[in-house]
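What follows is one structure encoded as structure tokens, with my remarks underneath.
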């Protein structure tokens, strides 16, 4: 019976993933990644599967379902209850030190004038990075999660990462950094399902999280105040600067460039007689440049720190390119170019110019529904 280490977030998706893996005959071990809150302490691996749920012969444990993010104490309690309901071992893993690297990355990118994506880094470094180390420790052959994406044989002896069947929930974008050699050990049980079917199955199976809302915010910024987090961690880096137009004329003052992202319109608070957008940011001069929407358009982008999930292609290849998590893929072409990383950089040209192609975000390229490659826009 193959053993699977499953990342359980306490949400409905990873809970149903656990049930499906169990139904398929796998020996499932649930792991909750505790990222740390003030005052909490955990051993490296804390066994937590002795808890009881109503109807399981114990006194019962209260379930606290709410809009928590993906790593709160309440989410851990939800994941623990689901594991107990299914009768699978469950551990809480202390990733506080490792997660500090992601927060440092997030703050550093904002201070450098870029727009980071910590969810991609979390998947790269933790869910399909560090968790593989834990899988080795417990002799697990696979690492699984509740992402809406698919890993399937590519017909050439390898494996391909593909978009989830539910395109409204597809999360292949945030998995582009998974090492190609690890695809064979990745299981994504709900990638072939649509969200309503996932919730319906959870309710049918009696999983107590079937109606739990999806997490929307970044887990370590629950109030969505990104600039506030940056200011608390690096107060010396957030300081007033100037807002200028495309010609460099000063239009006003801002409280810190970290308060703005490329493409932002709301909150700019300068008057130009037409809608005004943030066109670019310059961390070195602490200036924010604004202009009309057409000034946001880019014909393409270059990306570094890339990951190729197919053989790199130096020739132009038709693709669909996605430049942020919540955007639709658009027709484009991509090619591998020389870079300083372990894998080639990528150059992307869009068929039609795209707005707000923000440095620091990821660009991911698809051939049909297969992820070809992705990298960080520079």
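The values are calculated or read from the model by the stated rules, or taken from the named source; none is laboratory data. Computed from a predicted structure; not experimentally measured. All Cβ positions, glycine included, derive from the backbone under ideal geometry; neighbour counts span all protein chains shown.
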Check on residue 141, within 13 Å of residue 370 (Cα to Cα), out of contact with any helix residue (DSSP H, G or I) (no Cβ under 6 Å at 6 or more places or on another chain) and in the same structural domain as residue 86 (by TED's automatic domain parsing): no
Counting only residues that are in contact with a helix residue (DSSP H, G or I) (Cβ under 6 Å, 6 or more places away or on another chain) and buried (at least 16 other Cβ atoms within 10 Å of the Cβ), the range 297-335 contains a total of 2
Just one of the numbered conditions (1) within 26 Å of residue 146 (Cβ to Cβ); (2) touching a helix residue (DSSP H, G or I) at 6+ places or on another chain (Cβ under 7 Å) is not true of residue 227; which one? (1)
Out of curiosity, is residue 267 within 30 Å of residue 83 (Cβ to Cβ), outside the structural domain of residue 105 (by TED's automatic domain parsing) and in a loop (DSSP other than H, G, I, E, B)? no
Tell me which of these residue 151 doesn't satisfy, since it passes every other one: (1) free of Cβ contacts under 8 Å to residues at least 60 places away in the same chain; (2) assigned to a loop (DSSP other than H, G, I, E, B). (2)
So, in the range 87-130, how many residues would count as being at pLDDT 90 or above, buried (at least 18 other Cβ atoms within 10 Å of the Cβ) and over 21 Å from residue 325 (Cβ atoms)? 5
Counting only residues that are under 21 Å from residue 360 (Cβ atoms), modelled with pLDDT of 95 or more and assigned to a loop (DSSP other than H, G, I, E, B), how many does the range 300-324 have? 1
Only one of (1) closer than 28 Å to residue 263 by Cα; (2) touching a residue at least 60 places away in the same chain (Cβ under 8 Å) is not met by residue 164, so which one is it? (2)
Restricting attention to the range 245-262, the residues that are surrounded by 17 or more Cβ atoms within 10 Å (Cβ to Cβ) and under 19 Å from residue 114 (Cβ atoms) number exactly 8
If the requirement is being under 23 Å from residue 377 (Cβ atoms) and either without any contact (Cβ under 8 Å) to a residue 12 or more places away in the chain or more than 25 Å from the chain's Cα centre (by Cα) (or both), which of these qualifies: 255, 275, 292, 312? 292
